[in-house]
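Notes follow once the structure below has been shown.
The values are calculated or read from the model by the stated rules, or taken from the named source; none is laboratory data. This is a predicted model, so every value here is computed, not measured. Cβ: placed from backbone, ideal geometry, glycine included. Neighbour counts: every protein chain shown. Heads up: the accessible areas ignore ligands, DNA and RNA and are worked out on the full protein's heavy atoms, side chains in. Shrake-Rupley method; radii C 1.70, N 1.55, O 1.52, S 1.80 Å.
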Amino acid sequence: MTSSYQSKQGLFTRPVWLAIAACTLLAALLPTFNLAFAEGHALHVSAYTVALVGKFMCYALAALALDLVWGYTGILSLGHGVFFALGAYAHGMYLMRAIGDQGQYHSSLPDFMVFLDWKTYPWYWAFTEHFWYCMALVVLVPGVLAFVFGYFAFRSRIKGVYFSIITQAMTYAFMLLFFRNDTGFGGNNGFTDFKTILGHDITAPATRAVLFLLTLAFLLAALIGARAIVRSKLGRVLQGVRDSEARLMFLGYNPLWFKLFVWTLSAVLCGIAGALYVPQVGIINPSEMSPANSIEMVVWVAVGGRGTLIGPILGAFTVNGLKSWFTAALPELWLFALGLLFIVVTLFMQQGMLGVLSKLKRRKTAVVAEEAA
């Protein structure tokens, strides 16, 4: 239903484009107003709001990446948290090196290495003092992991619930690995206490504004890029994989490389989301790889509407907005609320929030047409 509706509407209608432009402009004004107006002014936007919306946009980028594989290709991943966290760790390595001797122990090594009595960096920290090298790692580490994992999984025809389970096992295994102190990634505490990025104070409002606008630009570019993929012949093949992989093979297509492409692309987008997340939130630790975090990503997509591109972004903002409110007002009830939300969406809103809005719009159009007749 969703696909046929979108094909009739060209995926994004004119009002949707206008809404995207308005939301982009509104978002871009947040850090601008934070810098332009002093605290206490009616138009001042707090640093907390800027950081919170910046974090939500990172989550929205991860949700969009998951929608490409789940919503359009029918591959349900319960392990995308590992790609998000690997991108964050890759950027975090640079940020830790940028601290220099300003840590608690005034050593050239990160504090956690000094605490563990390490004398030098392990080999895999080589060149991480270079920003662009770490940016390459942000893309390559999640991308290579996804490619290798996906190649063997898709080649073995693992699909459905079995694929979902092994993705969850993968992220759980990585979480346990990164919890170990001797892995060299800060153990339980992960990376934190960042000072600078490219020589600029990471907590300065101007730096925060640049990070925010970069995240907004990446999210917009990913949305437009994903739309181009979905509307292309490649996108139609991906939807063919989702709807009937056997029929696609009968027509002469090999689904392996199509699935591998979108799976790897999705992992890279998640890695970029993680890399944008870590300097704005100020910490990355192995809990980001927990299976619960990956399941939460699935909830974002389901709530917004999978297979719609806009829906996952809407879902990420809605669910995390609720999470922020619950964790401040009723923290003990958040997991119950999340579970209830997922049940409601599964039983009554299978096309998510966008599906409900589309249904209301069609109903209103039908009523108007009936009255006119």
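Below 8 Å between Cα atoms, with a sequence gap of 6+, how large is the relative contact order for the stretch 153-231 in percent?
Values: 23 pairs, mean separation 7.3, N = 79.
Rounded, it is 9 percent for the stretch 153-231.
Among 198, 312, 170, pick out the residue whose Cα is farthest towards the positive end of the charge dipole of the chain, where Lys and Arg carry +1 and Asp and Glu carry -1 on C-beta, about the Cα centre.
With unit charges placed on the Cβ atoms, the residue in question is 312.
If you count only protein heavy atoms and use a 1.4 Å probe, how large is the accessible surface of residue 330, to the nearest 10 Å²?
Answer for residue 330: close to 60 Å² accessible.
If amide H atoms are built 1.01 Å from N in the plane of the peptide, which residues on other chains or at least 5 residues away come under 5 Å of the amide H of residue 197?
202
How many lysine pairs does the chain hold where the Cα atoms are under 20 Å apart and the two sit 8 or more places apart or on different chains?
Working: 8/233; 8/359; 8/361; 8/364; 55/195; 55/323; 159/259; 233/259.
For the chain, the number of qualifying lysine pairs is 8.
To test your reading of the geometry: what angle, between 0 and 90 degrees and rounded to tens, separates the Cα axis of helix 233-250 from the longest principal axis of the chain?
Once rounded, the angle reads 70 degrees.
Report relative contact order for the chain in percent, whole number only (criteria: Cα-Cα under 8 Å, sequence separation at least 6). Intermediate values should be presented prior to the final figure.
Values: 527 pairs, mean separation 112.8, N = 373.
The value is 30 percent.
Output the relative contact order of the stretch 293-373, whole-number percent, from Cα pairs under 8 angstrom with separation of 6+ residues. Walk me through the intermediate numbers first.
Working: 67 pairs, mean separation 26.3, N = 81.
The normalised contact order for the stretch 293-373 reaches 33 percent.
Using only the Cα atoms of the chain, build the gyration tensor, take square roots of its eigenvalues as a ≥ b ≥ c, and label the shape rounded, prolate or oblate: rounded if a/c is under 1.5, else prolate if a/b is larger than b/c, else oblate. Walk me through the numbers on the way to the answer.
On the way: a/c = 1.96, a/b = 1.33, b/c = 1.48.
The shape class here is oblate.
Once phi is turned into ³J(HN,Hα) by the Karplus curve 6.51 cos²θ - 1.76 cosθ + 1.60 with θ = phi - 60°, what whole-Hz value does each residue of the stretch 52-61 show in order, with x for glycine and proline?
5, 5, x, 5, 4, 5, 5, 5, 5, 5
Give me the angle, in degrees from 0 to 90, between the Cα long axis of helix 160-179 and the longest principal axis of the Cα atoms of the chain, rounded to the nearest 10.
The helix 160-179 is inclined about 10 degrees to the chain.
Mind listing the long-range amide H neighbours of residue 44? Cut-off is under 5 Å, sequence gap 5 or more, other chains count too, H placed in the peptide plane at 1.01 Å from N.
Placed amide hydrogens put nothing under 5 Å from residue 44.
How do 151, 162 rank by accessible surface area computed with a 1.4 Å probe, from largest to smallest?
Details: 151 65, 162 160 Å².
Result, largest first: 162, 151.
Compute and list, largest first, the equivalent-ellipsoid semi-axes of the stretch 242-322 from the alpha carbon gyration tensor, each √(5λ) rounded to a whole angstrom.
On the way: eigenvalues 177, 56, 24 Å².
Semi-axes (√(5λ), whole Å): 30, 17, 11.
With axes computed from alpha carbons, what is the tilt in degrees of helix 131-155 against the longest principal axis of the chain, rounded to the nearest 10 within 0 to 90?
For 131-155 against the chain, the angle is about 50 degrees.
Can you give me the accessible area per residue for the chain, using a 1.4 Å probe, in Å²?
Numbers: 18520 Å² over 373 residues.
That works out to 50 Å² per residue.
Give me the percent of the accessible area of the stretch 200-343 that comes from carbon and sulfur atoms, probe 1.4 Å, all protein chains in place. Can you show the working numbers first?
Values: 4400 of 6140 Å².
So the carbon and sulfur contribution to the accessible surface is 72 percent.
Of 44, 91, which has the most accessible area and how do the rest follow, probe 1.4 Å?
Details: 44 50, 91 10 Å².
In descending accessible area the options line up as 44, 91.
So what's the stretch 232-373 giving for Cα Rg divided by 2.2 N^0.38 Å, two decimals? Walk me through the intermediate numbers first.
Working: Rg = 19.2 Å, N = 142, 2.2 N^0.38 = 14.5 Å.
My calculation over the Cα atoms of the stretch 232-373 gives 1.33.
From the protein chains alone at 1.4 Å, what is the descending order of accessible area for 106, 130, largest first? Kindly include the intermediate steps, with their values, before the conclusion.
Numbers: 106 135, 130 95 Å².
Reading off the accessible areas and sorting them downward yields 106, 130.
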